[in-house]
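Working notes, beginning with the structure itself.
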Amino acid sequence: MNKQEHPRKYGLIILAAGASTRMGSPKQLLQYKRQSLITRISSTAITADLGNVFVVLGANVAMIKKEVEGLPVSLVMNPSWKAGMATSIVAGLEALLQTKTNIEGVIFMVCDQPFVSPELLQGLTTVHEQSNCLVVASDYGEAIGIPAFFHKKLFPELLALSGDAGARLLLQKYEAEREVVSFPEGIFDVDTVVEYESLISNTKT
């Protein structure tokens, strides 16, 4: 469902196609602060107001789709999701480029980082605009990762990714042309029941 064209020349792609095998149930549907994780991250991307938002789905499509119905996002179905994260990156970027041809860059995100904020996402593009770098990643302190911005010059390499490599290979390859924004909370994601219980127990509603 393609929504109204956004004036900004960026795209935001939420990778949410996984089956959450370590969790044992779809983590996209886990509740945090009275919202499902997929609704929360979609709303965050929309609020950042940087460009059109795409949500890539694979496993449990019917259930997850209901969570974003009514939001101004475009859904992308990835029938090859079992082949690894790279297939969702490719599916999302292909859909973005089919919808809008004058894209300057893209931000990739996942739904299980509950502390992502609109300000963090805006910071990624601001750093790019100030430095003209090819990549802007989130700095967790101990590591770097997503959310991350990639300039359009890297689209061919993103589209050539395969398997479970994801975009991390490009984060490493282009270290010399990479900037970062501080996101220490990014080290926390929700992959297991224990991690989810920790998140909830430390959250004041």
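None of the figures in this text is laboratory data; all of them are computed from the coordinates on show. All values derive from a computational prediction rather than experimental measurement. When we count neighbours, we look across all protein chains shown, and the Cβ atoms used for this are built from the backbone with ideal geometry, even at glycine.
Overall, the chain carries a charge dipole of about 560 debye about its Cα centre when +1 sits on the Cβ of Lys and Arg and -1 on the Cβ of Asp and Glu, all other atoms neutral. Label-to-label distance, residue 192 versus residue 49, with points set 7 angstrom from Cα along the beta-carbon direction: 4.1 nm.
Compute the FRET efficiency between residue 83 and residue 119 as 1/(1 + (r/R0)^6), taking r as their Cβ-Cβ distance and R0 = 30 Å, and round to the nearest 0.05.
0.30
Counting lysine pairs in the chain that sit 8 or more residues apart in sequence, or on different chains, and whose Cα atoms lie under 12 Å apart gives 4. Among beta bridges identified by DSSP and lying wholly in region 10-201, the antiparallel ones come to about 30 percent.
Averaging the sequence gap over all C-alpha pairs within less than 8 Å and six or more residues apart, then dividing by the number of residues, gives the chain a relative contact order of 24 percent. Listed values for region 47-63 are Karplus-derived 3J(HN,Hα) couplings in whole Hz (6.51 cos²θ - 1.76 cosθ + 1.60, θ = phi - 60°), namely 5, 4, 6, 9, x, 5, 10, 10, 10, 8, 10, x, 6, 6, 4, 4, 5, and x replaces Gly and Pro. Distance between the modelled labels on residue 165 and residue 31, one decimal in nanometres: 4.2 nm (7 Å Cα→Cβ projection). For region 104-170 versus region 38-96, the spacing of their alpha-carbon centroids is 16 Å.
Highest-first packing order for the peptide set 140-146, 85-91, 70-76, 157-163 is 85-91, 70-76, 140-146, 157-163, based on the mean count of other beta carbon atoms within 10 Å. The relative contact order of region 34-134 comes to 33 percent, based on Cα pairs under 8 Å that sit 6 or more residues apart. Selection among 17, 108, 163 by position relative to the dipole of the chain gives 17 as farthest towards the positive end (Cβ unit charges, Cα centre). For residue 148, nonlocal amide neighbours, meaning residues 5 or more places apart or on other chains whose placed amide H falls under 5 Å from its own, are 108. Remark: spin-label model distance residue 143-residue 129 equals 3.1 nm, labels positioned 7 Å along the Cα→Cβ axis.
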